[in-house]
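Step one of this worksheet: look at the structure below.
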Amino acid sequence: MKKYKLIGLTGATGAGKSEVAQIFRENGYEVIYADFLAREIMNNPAVLSALRSSFGEDVVQDNVLDRRLLAQRAFRNSETKKLLDRITHPFISTLFIEELKKLSSKGAKRILFDASQLFESGLDVICDCVISVTAPEQIRLRRITERDGLTEQQARERMSVQYTDDYFRENSDFTIENNDEFSALKREVIKFIRNSEVRFGSDENT
């Protein structure tokens, strides 16, 4: 029997997952970031080779991935997005399990997995609870263009190949609506953390 509780955190791009993950971290959770794992696997020759074969030789130059070019091609439509997922998810999942084991061996009791592709990877099934963060489309659009330096069209292309808010709501145990007011967001997350301690039990009873 595992000695920790694992919460999966997901949501569409620009919804504000990073802010939510930070609040969890500040309240005693160990956090595994899927984005960090995704960057790490891009140093794997097998991953780079598969990306060249699927998205063009020029996406990798001198063993360095052109992330912007890959994104342009991978987020073109749902089929190219699924192709990227098929290549990367197995490698990311392997690293995630390794990180989970490391944290467990160190005695971590509460762990959060911050992963925009949680459902696509299938790792939601091993989580004790799944939280989705949602936000209005215009807020997400503004965040993406400012954060990633994309045009509105490029941002909308990325948004179009992801699950809808309805999907996240229907497939999650809990949904946090982020309307761009940090104080309200923090209150909602703290409320969840307190309620989860009642639901899962305190660290002493884990």
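Every number here is computed from the coordinates shown, using simple stated rules; none is lab data. Note that this is a predicted model, so its numbers are computed, not measured. Note that we place each Cβ from the backbone using ideal geometry, even for glycine, and neighbour counts take in every protein chain shown.
Here are the numbers:
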| read-out | value |
| --- | --- |
| Neighbourhood charge, 11 Å Cβ-Cβ cut-off, centred on residue 187 and excluding it, Lys, Arg +1 and Asp, Glu -1 | +1 |
| The range 105-113 - phi-based ³J(HN,Hα) in whole Hz, Karplus 6.51/-1.76/1.60, Gly and Pro as x | 5, 8, x, 4, 9, 10, 10, 10, 10 |
| Rounded to 10°, Cα long-axis angle of helix 45-55 versus longest principal axis of the chain | 60 |
| Within straight-line cross-link reach of residue 106, aspartates and glutamates at Cα separation under 13 Å, skipping those fewer than 8 residues along the same chain | 30, 98 |
| Dipole in debye (nearest 20) - the chain, about Cα centre, beta carbon charges: Lys, Arg +1; Asp, Glu -1 | 360 |
| Scattering curve values for the chain, log₁₀ I(q)/I(0), Debye with Cα scatterers, q = 0.09, 0.10, 0.11, 0.15 Å⁻¹ | -0.37, -0.45, -0.55, -1.00 |
| The chain: angle of helix 182-200 to the longest principal axis, Cα-based, in degrees nearest 10 | 60 |
| Relative contact order computed over the range 42-128 (Cα-Cα under 8 Å; 6+ residues apart), in percent | 20 |
| Additional length obtainable on full extension of the chain from residue 105 to residue 44, 0.36 nm per residue less Cα span | 19.4 nm |
| Table column - 3J(HN,Hα) (Hz), the range 67-82, Karplus curve with 6.51, -1.76, 1.60, x for Gly and Pro | 5, 5, 5, 4, 4, 4, 7, 6, 9, 5, 7, 5, 6, 5, 5, 5 |
| Straight-distance crosslink candidates among lysines, where the alpha carbon sits under 22 Å from residue 186 and sequence neighbours closer than 8 are dropped | 5, 17, 109 |
| Cβ-based charge dipole, the range 5-197, positive-most Cα from 178, 28, 87 | 28 |
| Alpha-carbon centroids, the range 45-105 and the range 1-17: separation in whole Å | 21 |
| Inter-label distance, nm, simple model (7 Å from Cα along the C-beta direction), residue 169/residue 97 | 3.5 |
| Relative contact order %, the range 5-197, counting alpha carbon pairs below 8 Å whose residues are six or more apart | 38 |
| Point-to-point label distance, residue 36-residue 53, nm (Cα→Cβ direction, 7 Å offset) | 3.1 |
| In sequence order, calculated HN-Hα J values of the range 127-144 (Karplus, 6.51, -1.76, 1.60; Hz; x Gly/Pro) | 7, 6, 7, 10, 10, 10, 9, 10, 7, x, 4, 5, 5, 4, 4, 4, 4, 5 |
